[in-house]
Every structure is written in C-alpha cells, then in structure tokens.
C-alpha cells in the first residue's frame, strides 16, 4: 500500500482539467450578465449599495464591476479589463466585458468537443490581429486643419458617448461643454487640468463651464466677510506658507528666567507673522491663496488692507490656478517685491459668487487659460456623481479623438462590419481554425444584439437586416434606436474614436485567451487575503 | 445561464463563488425593481402631501434624543425622517437641493416627483420601456417650462413700493405656522433682504442676515433689528445697561498678558522674581486699559474671556465690556459698525473703532435672560431678525418659515419674473402639455399625457387639504382656465370666493417653479433608469 503524500495544505481547493475551463467560462458569463443591460442609449442603470450603506447609481461598466466585489479568480480578469479600458480610453467598459464573455461563450462548444484550448487561442489571436487591421483600414480621419469642423466632429463623438448616460437628453449641451473644456487644454491634454465641481441643487442645465478656475470657498475666520470679494486684474500670490500665529518649531521649549524676556518672545512671534504679511502687502498683492491655513490674525490683516485671502486651498485647485493665472507657488515670502512679477499670477476678474448654497471663488479671463472648470448642478448627490462619471467618459473620448483622429461609426455598425470581414476570411482558412474564426466573428454581433434587446426590439429581425446591408457593402449600417430600424450611423453622426474599439477588442480577446489557457486553479484556504490568492491563481498559467 | 446574485454551479454541481458574500446579498431586478422604487417614492411623497398649501398640516418629528420638531417644511420633514430606502433618500436629496437653491417649494417638488412616479407605474404596466417614459417626461417638462415662461409676468421691483414683494413673501408664509402674523413676518423678510441686497449684482449675501430666536413673548413681538443681536450680556452687572453713541473696540485677543505660542516655561526661583511677575501682569492690564482709553473707545467687545481682575479694572475705568462673543458674531458686529477687528492691543487706534448709535441690553420676562442689541450702526447693511414665540417648537418653525420667505424675496431680487400660485400655473401647464401631447407621433405621447396628469397633483393636493372635493375643484378650474384663457385661476384655498390668484395676490417666483419641474423630472428619470438593485446582506430586514 502506498502511503498518502500530502503536498498541498489541508483544505486547499484544487480543480483542474476541461471542467475547470468550462466553469471559468460560466463564471465570466455570469459577470457579463450583471452589466448586460447597461449597454446603449436604452441601457439601464444599476443601484449598488455597499456595506457602509453608500449608494451608487451608475451606468458605467467599470464602476459597477468595481462595486460588485467579484472574487472569482477568472471572473476578476473581466473586471480588470474593464478597469484597464476605463484607464486607457475611458469609455466602452461595458462593451469590452460583453465582448470577452461572448467570445468565451462562442468558443465554449469547441472546448466541450475536446479541442485543445491552445488551438482556440491561436485562432482568436489571429482573428484579433486581422480585426484591428481592418478597423485601421476602414476608419475615417477627422480633418484637423479646420478648427470649426474638428470641433463639430468632436462634439459628435462626445454625444455618442453621452447617449447611453443619464444625461442623454442634455447631450448636446454637455457635449459642447466637454469639447470646449478639452480644447482649452494644452497639447498634452492633462486630465487633471479639468476640474469638476459638484454643487447639489439647481437643474442640469445650470451646469456651466468656467474658462479658468473655480473652487469652493474655503474655511474662513472672522474678518473674512469684510474682505473685498471682487477684483479686476488682481495680483494673485500662491503660497505654501502657513500664515498663522503659531509655534515656529514643533517640540521646542523656551525656558525663561526673567519676565522681561517674556514680552520679547511674544513680540518676536508676532513680528515673524507680520513680516510675512507686510511683505505680501508691500508687493501689491490683492488675492492671497495658500495651501496651508491662513489664520484669523492674517485674515483680519488682509481685510484691513483691502486684500482677499483663502487658506487651505486644495492642492489640485491651487495647481490649476497656477496654470490658469500664471505665477508660481512659493514657499517663502522673502525677496518679494514689486519687481518680482513672474511670481504673481493674474487674471481679468476674480469674484466670489454664490452657487446654490455654496460660495465659490472664480478666476476668469486668465491669460494662459490652459485649464477649465466644470460646475455641475443636479437634484441629488448620486445624480451628480453619475453625471460626473458620464462626463469623465466623454472627456476621455474627446481627448482620444483629438490625439487619434480616426473614427468609426457606433451603434453596432463597426462590429457588424468586422463580423462580416471575419466570416469571409474564415472561409479561406483550412483546418480547425476556420470554425473558431467564424465563431469569433459571430461573437461581435453581441453588441448590436444587446443594443436591440435593451431597447426592447426584435434582435433577430434587426440583425438580419444589418447582415443584409453589410453584405451589400454598406459598412456603416447600425442599429437606429429612435426609429427601431437600421440606418447609416456614419451619416446620422453616431461616431466613436477607432482607438476605443481597437483597445476594446484587443483587451477582450486577450482576456478570453487568458481565461481559456487556465487549466488548474489552486485555491489556498483562507490564510492571507483572498485577493492575493486570486491573483496568484490567475498567474498560474 | 446563472445570473450573478444567485449561485452558479460548476460541472460537478459544486457552487462557484463569483461575488464576495453573494449568498447574503439582496438583489432586485427588472420590473420588480421598478415597482419597488415607485412604491418607495410614492410612500415618501404621500407623507408630504398633506403639508402642501395654506391649509396644509404640520408634522411632529421626535428625534432619537427626544427633541421635538414641528414643521411643515418639506425639506425639514424629510431630513428628520431618516429615510432608509435608497430611492426614498433620493427624494430627500431632491427636496434638499430645492431648499439649497430656491429655499421654497420643497414640499411641492417631492409631491410632483411622487406623482410622476405614480403615473410611470401605469405606463410600465402598459409595457412602455422605462427610458421612453423618461424621454417623454423630459419632452413634456420642456413644453411645461416654455409655457411657464410664457405665462410668467415681470414684477415691478421698486424699492419704494414694497407691496408686491410683501405679497410674494406672504404666499410663502401662508402655509406656515406663522400665518397668524403673516403680513408682519413678510414685511420683516422683505425689509431684511432689501437691507442687505446688492442691487447692482442682484445678489443677496445671506450671511449678513441673522435669524435669532428666543422663547417667550408672542410671535407678534418678532422684530427686525437693523444691526446685530448677540446673546450676551455686559461682563459686569454694574456696567450701564445702555450705551449711546458707542465707539466699539472689537478685540480678538484675550484680556491677559500675551502668551507665546511656542511651548514655554518660566522658572521662578526667588520671591523677587515672583513679585516682578505680578508687577508685570498688573502693568499689562493697565496698559491694555490705557490703550483702549487712548483710542477713544467706550465699549469693548472681546472674542475671548477675561478674568475678574480685568473685569474689575474695566468697570473702574468705565469701560462696559462684553466677553466670549463668537467669531461669526464678531464679524457681523465689525461689518455693521464699520469697525475693524483688532488682534492686538498695540494696533488699536481710533480709526479702527466701530460706531453704533445705541447699544442696549434687552430683558426678557422673568427669566432674567438678557441679550445685547446693537442698533443704529454706521453701515446698517447687516440685520438680525429676532423671533419670539411661545415655545421652542414655534420659534424654530418660525425661523424656518422666515428662511423660506427670505429665500423667496431673494429670488425675486435675482429674477423678478413671477407666476401665480395656488396651483394656477400647474393647471395652465397641464393644459398646455396635454394639448401638445397629441402632436407627438411616437410612444412618448403617452408619457407626455401622463406628465400632464402628474402636474395636476399639486392643485389636487391643495384642494384636498383645503377640504374641497379635489377632482371637482380642479376640473372646474381647468374648464374655466380654458374658457376664459386665463392662466391665473387657481385653487381658492382660503375661501375668499374668487379663484383669480392675481387678485388674491398668491404669487410664486418663476425660478422656483421652473426648478421644481426640472428637478423632479430629472430625478424621476434617474429612478426609472435603474433596473437592478444590489443591497448588502446586513440590511436584509
């Protein structure tokens, strides 16, 4: 009799073989199922309440998946591709997950029939390369030379993204806002230079774009109300100094042996502060912003001298102010005088304005306005949160479209075109790969199919119409949600940047390949955190 | 195919865990989710329905600590109800954002949203896609808003003729507990706003209006003080109770020898040193008093306290003083009296003193409570509304009512277009929307018609609360409005015998109404768009 050899820790869950691949596929499909209905202009939202009772209402695939707390190791792959799609292009997070799940689903039968996963993987990789090539080939370039036309095109792209969101009705309004904001930025299009501020109350249409910076009134001390709240062409000092009466050195202790010294020390402390304040005043500064607190003494000092101050300004707000108004964030006020102009920023108008129940500081008409601020209004907090997420998607899309100027038609049109190309190609391939590529081609149809299903249309009927149109070489025909029919989506301006699609398809295919290539999961019983186990399991291939 | 939220099984029938804690998570999906949202929304709206209008009733809320609040302000009721349901919470925020932005109409907005949800339920039963319902609602809201603009009237904003403003404030106060002295309260609100309004920017800074309450007296004793009321007394009982032509030193430094902020220690080794310290302190005190005397001040207001020694010194130098005055109050006093806040005795000069014509201590009944009233200030653009009432609940409710009235007047200052209340403008819009509905060729037509019905819920509730037969009253008014082409006919809640709201001067601001309609519509869209809710396991019951 052989003695039993224990290799793995007791309780370790290990499953392997074909059944493991199949079970992973089912898990992925279950995840895709969760966000299936969010796709497209008739897509629905999900309300997810987390353990702490915070509710999120969202239509964004990545956001939903993040909140679902998926623990299944294979299914987490899908969450990761949604996240990476979000980080890379910002939009198309739902489609990427759907596509990956559908590819898995269509290859499932081959695995069940005993085909080796590596053959499937090879075929999928081949098809992916073909598809990305095809997108590059048929995509249409935006003409960049005509600024007006480019803007129009960008707005169309933004509108397509916003179509499926909560603010679909206001998409023209917001698309314009997003494009204006992005075009204000410099060539690098840094995302953090678009500030998004949320104020509850007011209706969506009261949202506005500020060509410059706006931020909420910071905590203020007595004396603040006496300051002037409006300046034209102010001199703005951006500081990283605490303007407060305080112990200059922490943990320092003074030992005094005589009363007279006492007063001197008090005076010294005051002088340190007053010196700083006076230097600012003498340099002719009107508006003082600091990352660190500005205390009551300083507030009153400034109020006395017709200056405005705000302490504890958020770091990114301060940076954006600097970008907009010029100047530099300084950590000392030594050596400041009237000549040191380059240190101070300026703008046409500084003003404090009441928005809803909040007060905001506005810096407008900035000389180097490479930054923009959006102030969003809306009825409820979750509402604005979702608007912010939607706008984030739109901003990302517009940024992408500015950088990579190729676009394709959305609404399932590009997917149908790709599906057709692949199907035709598959017929020229000999061997097992033919079937797999044909199945892969069919997987693309999930996007128009789901669009129809979410809108309550007869998906089979619409898809048949689409296939017929595409067979006649009308490559831009897609689903028309408003008319419950098919239409030329390029003509009706449902546009998406090609890069979004390329990225989505590559990511989805790779995720599918990854999942197919796993044949064993070893799950160590709860000892360390679950997530690291899942990660380990995923890297086992 | 297994869906997330239920357990998935692999080939061997073993359950596969996809989401963290998925067996305990609660999930509602599809039409069930819609139904549960609508139910929750309706429940919240129904609670508020009876509070609408001049004959609306109040709610009594008991907090966990046993504090009682009696109010009919929608936003207050909802925020104190601690709604648990997620959809309910959205409605709470809806009324809060109406409160933040407009300040009035917080009940109406929730009632409208509730009615829209109720109508949506019927439409869902018909099998209309939720997003199409939402689309229809938004179309209808647009029609309603356009019509609202058409029937609005520009109101003369004449600073000499305050009657129109007072009438509007009275409409708001009509539904509140204070309607016993409606006119007086309205006048107070109008005067207060006009006192601080910046007519050039058409802006009103609410921080300059303070609403103070004190239990005791009658509501009729409520008064507007053009100046500041502070809940403090003179620091010494022997100080005079009234100061004429006061020159005020506003100090933010304590009446004690200054201390350095750095940690310090004074070593005293001999009696001599000790005496020196005493001398020093005494000297400091006299120095302080002297600097105040020198500046010409005859009243001291101090943010911090001072001990008995200082108190005595002040008394003997005939300097009435007030101690422990809070930061915001100090600020208000400084603004009102035109003085400067002085952080150090050394900086005290004659120019920095504030001036008030009269400062007196108010006594209340037998309670021995005192308050300081600073009047006839140099710059009288701050004011305090001093609310009296029989008990705490009444005072609190009166404060809330005044807040609403202040907001309404402010809105008129911002935008002086008005519509007529009493449900008149809702009925007018309902007629218009119903008319337009027939011109819409798509399914949205149904939703638009439903929107018209929902608009009527406000006059219906008004009529019901006033004890009329709601359907009969509203249909009467509707037919009259159409026959006479007069959009000013509304529900005659107060039984005055006429239902022309113009002659009854029941007036509401256009922006308030606009806001109600657009906020409610947008929020309902958000609710309708959700088809999937996930709740963590804990809150299952």
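The values are calculated or read from the model by the stated rules, or taken from the named source; none is laboratory data. Note that the coordinates shown come from a computational prediction; the quantities given were computed from them, not determined experimentally. Glycine gets a Cβ as well: all are built from the backbone with ideal geometry, and neighbour counts include every protein chain shown.
Remarks
- Residues being free of Cβ contacts under 8 Å to residues at least 40 places away in the same chain and in contact with a strand residue (DSSP E or B) (Cβ under 8 Å, 6 or more places away or on another chain) are represented in segment B:482-491 by at least one member.
- Counting the residues of segment B:242-267 that are surrounded by fewer than 16 Cβ atoms within 10 Å (Cβ to Cβ) and either farther than 28 Å from residue A:304 by Cα or away from every other protein chain (no Cβ under 12 Å) (or both) gives 7.
- Of the helices (runs of 4 or more DSSP H) contained entirely in segment A:1-111, those carrying at least 3 residues that are surrounded by fewer than 22 Cβ atoms within 10 Å (Cβ to Cβ) and either touching a residue at least 40 places away in the same chain (Cβ under 8 Å) or at the interface with another protein chain (Cβ under 8 Å from one of its Cβ atoms) (or both) fall at A:18-35, A:73-88.
- Just one of the listed residues (A:319, A:323) is within 26 Å of the chain's Cα centre (by Cα), at pLDDT below 85 and not in a loop (DSSP other than H, G, I, E, B), and it is A:323.
- Members of segment A:367-395 that are more than 14 Å from chain B (Cβ to nearest Cβ) and surrounded by 24 or more Cβ atoms within 10 Å (Cβ to Cβ): A:371, A:372, A:373, A:391, A:393, A:394, A:395
- Taking segment B:320-374 as the range and being within 14 Å of chain A (Cβ to nearest Cβ), in a loop (DSSP other than H, G, I, E, B) and touching a helix residue (DSSP H, G or I) at 6+ places or on another chain (Cβ under 8 Å) as the test, the residues that pass are B:325, B:339, B:340, B:343, B:344, B:348, B:349, B:353.
- Among residues of segment B:303-319 being surrounded by fewer than 24 Cβ atoms within 10 Å (Cβ to Cβ) and touching a strand residue (DSSP E or B) at 6+ places or on another chain (Cβ under 7 Å), the one that is nearest to the other protein chains (Cβ to nearest Cβ) is B:303.
- Number of the exception - residue A:423 against (1) away from chain B (no Cβ under 14 Å); (2) over 30 Å from residue A:472 (Cα atoms); (3) free of Cβ contacts under 8 Å to residues at least 60 places away in the same chain: (2)
- Qualifying residue in segment A:243-262 (condition: under 20 Å from residue A:362 (Cβ atoms), surrounded by 20 or more Cβ atoms within 10 Å (Cβ to Cβ) and either within 14 Å of another protein chain (Cβ to nearest Cβ) or in contact with a strand residue (DSSP E or B) (Cβ under 8 Å, 6 or more places away or on another chain) (or both)): no
- Being more than 15 Å from residue A:127 (Cα to Cα) and surrounded by 21 or more Cβ atoms within 10 Å (Cβ to Cβ) is a property that residue A:439 lacks.
Table: residues versus (1) at pLDDT below 85; (2) more than 9 Å from chain A (Cβ to nearest Cβ).
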residue: B:474; (1), (2): no, yes
residue: B:479; (1), (2): no, yes
residue: B:498; (1), (2): yes, yes
residue: B:506; (1), (2): yes, yes
residue: B:513; (1), (2): no, yes
residue: B:535; (1), (2): yes, no
residue: B:538; (1), (2): yes, no
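- Consider segment B:94-128 and keep the residues that are without any contact (Cβ under 8 Å) to a residue 12 or more places away in the chain and within 13 Å of chain A (Cβ to nearest Cβ). The one that is surrounded by the fewest Cβ atoms within 10 Å (Cβ to Cβ) is B:127.
- In segment A:253-302, the residues that are under 46 Å from the mean Cα position of the chain (by Cα) and in a loop (DSSP other than H, G, I, E, B): A:283, A:284, A:285, A:286, A:291, A:292, A:293, A:295
- The number of residues in segment B:174-231 being under 20 Å from residue B:337 (Cα atoms), assigned to a loop (DSSP other than H, G, I, E, B) and within 14 Å of chain A (Cβ to nearest Cβ) comes to 3.
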